[in-house]
Every structure is written in C-alpha cells, then in structure tokens.
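Colleague: Could you have a look at this structure, given as structure tokens, before my questions?
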Amino acid sequence: MNPPAFEDKIHRPETLQRWIGGLPRPLVFTNGVFDLLHRGHVTYLARARELGAGLLVALNSDRSARRLGKGEDRPINPLDDRMAVLAALSMVDAVTWFEEDTPEALVAALRPEVLVKGGDWPVERIVGARDVLSRGGRVVSIPFEHERSTTNLVGRIRLPKG
C-alpha cells in the first residue's frame, strides 16, 4: 500500500537543496513543537499561510523539544507523528525539522520571504528575524485568536477525576 499523498510534504532537512526550489514563493516560515494540535494552532497556521504563496513548518525534534523545559515526558507525540498531522493540513505546503535549540540555521538556508511566530513572540525576539529583514522580507507576530495551550491541555487531561 502506498503512503498517503500528504507524506510527500515531509522533507529531510539535510536534503534541503533538492526540495526547496519546488516550494511556492513568497514562502512563509514558522516553527514550533506542535505536540497536541488544537484550534489555536490551526488558526495560527491558516493566518500564517495567508501571508504568502507557500507555508513551511519546521518542527523541533523530540530532543530539541525536551530541551525547551516543558517536561521530560514532552513531546507526547513523536516527531514522525507530529510531522504527519501537520503535513495533512491543506494550508501547509512542506514540513521539516531541526535538531538544534533554534531554527536559525534553517531560516538562513531556506531564505523565506516571511517569518512568523505566535503573538507571544515580539518581532525582535523571533529567531532569524534579522536575517529575513536584511533581505527585505517581513517578520510577523500573529496575534492569538483562540487562547489555547498544549501545556494547559495536558494538565487538564492529567487532572484526577473526582
């Protein structure tokens, strides 16, 4: 049985030069863990996609995500599962990952025209902003439309019944 077509959107970072040319431009880049996908995530991704012709999402690897300090048991979903779920979304054109603490090297290599993060990130703190702005690109902090948090969701799931 052939894998679902959406899996063609998942790309290895080390083969970047082979697949980057096939992405629509202007390219929007965002990154994150995207562990348990919720309404806040998909609304954010839809808004990000509106800013360009293509949307690339780079995920923290499992080790990179654990180093963020969200808990030793996070991410709950492994990288392959997180990438598949994101690749299945119609607004996402490509998915890749990074092992480092930040996607700075990936942003420099991909050269997106638009760099975005969620509203809790001021533009001056967005990793890669200086590089994108120096090339005449845009950096956008997208305001939250739905206050959701995977950390809060995990906490609610773990609350004892009673």
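The values are calculated or read from the model by the stated rules, or taken from the named source; none is laboratory data. All of these numbers come straight from a predicted model, not from anything done at the bench. Virtual Cβ from ideal backbone geometry, glycine too; neighbours counted across all protein chains shown. Quick note on the areas: whole protein, heavy atoms, side chains included, nothing else; ligands and nucleic acids left out. Shrake-Rupley method; radii C 1.70, N 1.55, O 1.52, S 1.80 Å.
Colleague: Show the residue pairs that are 6+ apart or on different chains and have beta-carbon atoms under 7 Å apart, the first residue being within segment 124-141 and among the basic types (Lys, Arg), the second being in a strand (DSSP E or B).
Modeller: 138/114
Colleague: While we're looking at this one, here's another question. Filter segment 89-125 for residues that are open to solvent by 60 Å² or more (accessible area, probe 1.4 Å) and under 28 Å from residue 3 (Cα atoms) and give the result.
Modeller: 90, 99, listed by residue number.
Colleague: Moving to a separate point now. Which residues, taken from segment 114-162, are at pLDDT below 90, more than 17 Å from the chain's Cα centre (by Cα) and not in a loop (DSSP other than H, G, I, E, B)?
Modeller: Once the filter is applied, which keeps residues that are at pLDDT below 90, more than 17 Å from the chain's Cα centre (by Cα) and not in a loop (DSSP other than H, G, I, E, B), segment 114-162 yields 152, 153, 154, 155, 156, 157, 158.
Colleague: Name, by its number, the condition in (1) more than 28 Å from residue 136 (Cα to Cα); (2) part of a helix (DSSP H, G or I); (3) among the polar types (S, T, N, Q); (4) open to solvent by 10 Å² or more (accessible area, probe 1.4 Å) that does not hold for residue 17.
Modeller: (1) is the only condition that residue 17 fails.
Colleague: Another question, then. Residues that are surrounded by 16 or more Cβ atoms within 10 Å (Cβ to Cβ), modelled with pLDDT under 95 and in contact with a His (Cβ under 7 Å, 6 or more places away or on another chain): does segment 37-46 have at least one?
Modeller: Taking every residue of segment 37-46 in turn, at least one turns out to be surrounded by 16 or more Cβ atoms within 10 Å (Cβ to Cβ), modelled with pLDDT under 95 and in contact with a His (Cβ under 7 Å, 6 or more places away or on another chain).
Colleague: Can you find, within segment 53-69, the residue that is modelled with the highest pLDDT among those that are open to solvent by 20 Å² or more (accessible area, probe 1.4 Å) and more than 17 Å from residue 10 (Cα to Cα)?
Modeller: 53
Colleague: Another question, then. Only one of (1) over 28 Å from residue 138 (Cα atoms); (2) modelled with pLDDT of 95 or more fails for residue 72. Which number is that?
Modeller: Result: residue 72 fails condition (2) only.
Colleague: When both residues are 6+ apart or on different chains and their Cβ atoms are under 8 Å apart, which pairs have a first residue that lies in segment 83-112 and is within 23 Å of residue 135 (Cα to Cα), and a second that is open to solvent by 40 Å² or more (accessible area, probe 1.4 Å) and among the small types (Gly, Ala, Ser)?
Modeller: Between residues of segment 83-112 that are within 23 Å of residue 135 (Cα to Cα) and residues that are open to solvent by 40 Å² or more (accessible area, probe 1.4 Å) and among the small types (Gly, Ala, Ser), the close pairs are 98/105.
Colleague: Is it true that residue 74 is open to solvent by 60 Å² or more (accessible area, probe 1.4 Å), outside any helix (DSSP H, G or I), in contact with an Asp or Glu (Cβ under 7 Å, 6 or more places away or on another chain) and touching a residue at least 60 places away in the same chain (Cβ under 8 Å)?
Modeller: No.
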